[in-house]
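Chemist: To start, I am sharing the structure in question, which I have written as structure tokens.
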Amino acid sequence: LVKAEGMAYLEEAYRQGKGVVAASGHLGNFELLGAYLALKGFEVTVVAATLYDPRLDALLHRNRMKGGLHIEKRDHATSAVLRALRKGHIVGLLMDQDTRVPGTFVQFFGQPAHTPVGPAILADRTGAPIVPMAICRQSDDTHLITIRPPILTTGRSKEAIHQTTQACTTEIEHLIRRKPTQWVWMHPRWKTLPPG
């Protein structure tokens, strides 16, 4: 049911042993993406927000665990994510929404969008490559994972973090444009306005 293109990019990044920041978005069956990688033998840690309903949250947590994933709650995930990267895990981070985390304004579909800088900072701090990827349902009801070439960070300066975040966002936009109807478009992506 699932095929992957560009797997060599991920395998090479994973072999470096510094962990991998998997930058993705709410596109297609993104839950299946992590489970597929875990099934293929990768150690995968995902960062998840707590759902509004404790019963649904517990159900989703159990299903992710059954899929072989390590789960860290977003509220206090920084140290756990650093540990996971130092162990060589793939850490999945969805960075296509405007959430209450440190961010920078980058261009996304031609508009300035407040975007999390966490992936860029984590990659710079650990030496982990950022590998953009996404999954989309195909017309025959199979799923295709597209893995793009790694993005390397260029330092810890504000400008370097901004450039890395823009590069990730550009890749995610490219992946969304391939199957725009499968993106979670109902999220208010541009709700935070740039200063001035």
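Chemist: Do you know which residues across the stretch 69-83 are open to solvent by less than 40 Å² (accessible area, probe 1.4 Å), within 19 Å of residue 35 (Cα to Cα) and either among the aromatic types (Phe, Trp, Tyr) or without any contact (Cβ under 8 Å) to a residue 40 or more places away in the chain (or both)?
Modeler: Listed by number, the residues that qualify are 69, 71.
Chemist: Among the residues of the stretch 39-46, is there at least one that is open to solvent by 40 Å² or more (accessible area, probe 1.4 Å), under 24 Å from residue 154 (Cβ atoms) and touching a residue at least 40 places away in the same chain (Cβ under 8 Å)?
Modeler: Kept after step one, since they are open to solvent by 40 Å² or more (accessible area, probe 1.4 Å), are these residues of the stretch 39-46: 39-41, 43.
If we keep only those that are under 24 Å from residue 154 (Cβ atoms) too, we end up with none.
For the stretch 39-46, residues open to solvent by 40 Å² or more (accessible area, probe 1.4 Å), under 24 Å from residue 154 (Cβ atoms) and touching a residue at least 40 places away in the same chain (Cβ under 8 Å): absent.
Chemist: Taking residue 100, is it of a type in the set (Lys, Arg) and modelled with pLDDT under 95? Write out each step before concluding.
Modeler: Working: of a type in the set (Lys, Arg): yes; modelled with pLDDT under 95: yes.
The answer is yes for residue 100.
Chemist: If you go through the stretch 3-21 one residue at a time, do you hit one that is among the basic types (Lys, Arg) and either free of Cβ contacts under 8 Å to residues at least 12 places away in the same chain or within 14 Å of residue 92 (Cβ to Cβ) (or both)?
Modeler: Of all residues in the stretch 3-21, those among the basic types (Lys, Arg) come to 3, 15, 18.
Narrowing further to those that are either free of Cβ contacts under 8 Å to residues at least 12 places away in the same chain or within 14 Å of residue 92 (Cβ to Cβ) (or both): 15.
Looking for residues that are among the basic types (Lys, Arg) and either free of Cβ contacts under 8 Å to residues at least 12 places away in the same chain or within 14 Å of residue 92 (Cβ to Cβ) (or both), one finds at least one in the stretch 3-21, hence yes.
Chemist: Next up: Just to verify a result, which residue in the stretch 144-160, among those that are among the hydrophobic types (A, V, I, L, M, F, W, C) and either part of a loop (DSSP other than H, G, I, E, B) or touching a strand residue (DSSP E or B) at 6+ places or on another chain (Cβ under 7 Å) (or both), is surrounded by the fewest Cβ atoms within 10 Å (Cβ to Cβ)? If you could, list the steps in order and put the result at the bottom.
Modeler: Pass one, the stretch 144-160, residues among the hydrophobic types (A, V, I, L, M, F, W, C): 144-145, 147, 151-152, 160.
Now restrict to residues that are either part of a loop (DSSP other than H, G, I, E, B) or touching a strand residue (DSSP E or B) at 6+ places or on another chain (Cβ under 7 Å) (or both): 144-145, 147, 151-152.
Details: 144: 16, 145: 21, 147: 24, 151: 23, 152: 12.
That would be 152.
Chemist: Follow-up. Test residue 60 against the criterion of being at pLDDT 95 or above and assigned to a helix (DSSP H, G or I), and give yes or no. Can you show your working first?
Modeler: Details: at pLDDT 95 or above: no; assigned to a helix (DSSP H, G or I): yes.
So residue 60 fails the test.
Chemist: Which one is surrounded by the most Cβ atoms within 10 Å (Cβ to Cβ) among residues in the stretch 84-136 that are of a type outside the set (A, V, I, L, M, F, W, C) and part of a helix (DSSP H, G or I)? Explain how you work it out, then say what you get.
Modeler: Step one: filter the stretch 84-136 for residues of a type outside the set (A, V, I, L, M, F, W, C), giving 86-89, 92, 96-100, 102-104, 107, 110-112, 114-116, 118-119, 124-127, 129, 132.
When the remaining residues are screened for being part of a helix (DSSP H, G or I), the result is 86, 118-119, 124-126.
Details: 86: 14, 118: 23, 119: 27, 124: 20, 125: 12, 126: 19.
Among those that are of a type outside the set (A, V, I, L, M, F, W, C) and part of a helix (DSSP H, G or I), it is 119.
The values are calculated or read from the model by the stated rules, or taken from the named source; none is laboratory data. None of the values given here were measured: they were computed from a predicted structure. FYI the Cβ positions are ideal-geometry reconstructions off the backbone, even for glycines, and counts take in every protein chain you see. These accessible areas exclude ligands, DNA and RNA; they are computed on the full protein's heavy atoms, side chains included. Shrake-Rupley method; radii C 1.70, N 1.55, O 1.52, S 1.80 Å.
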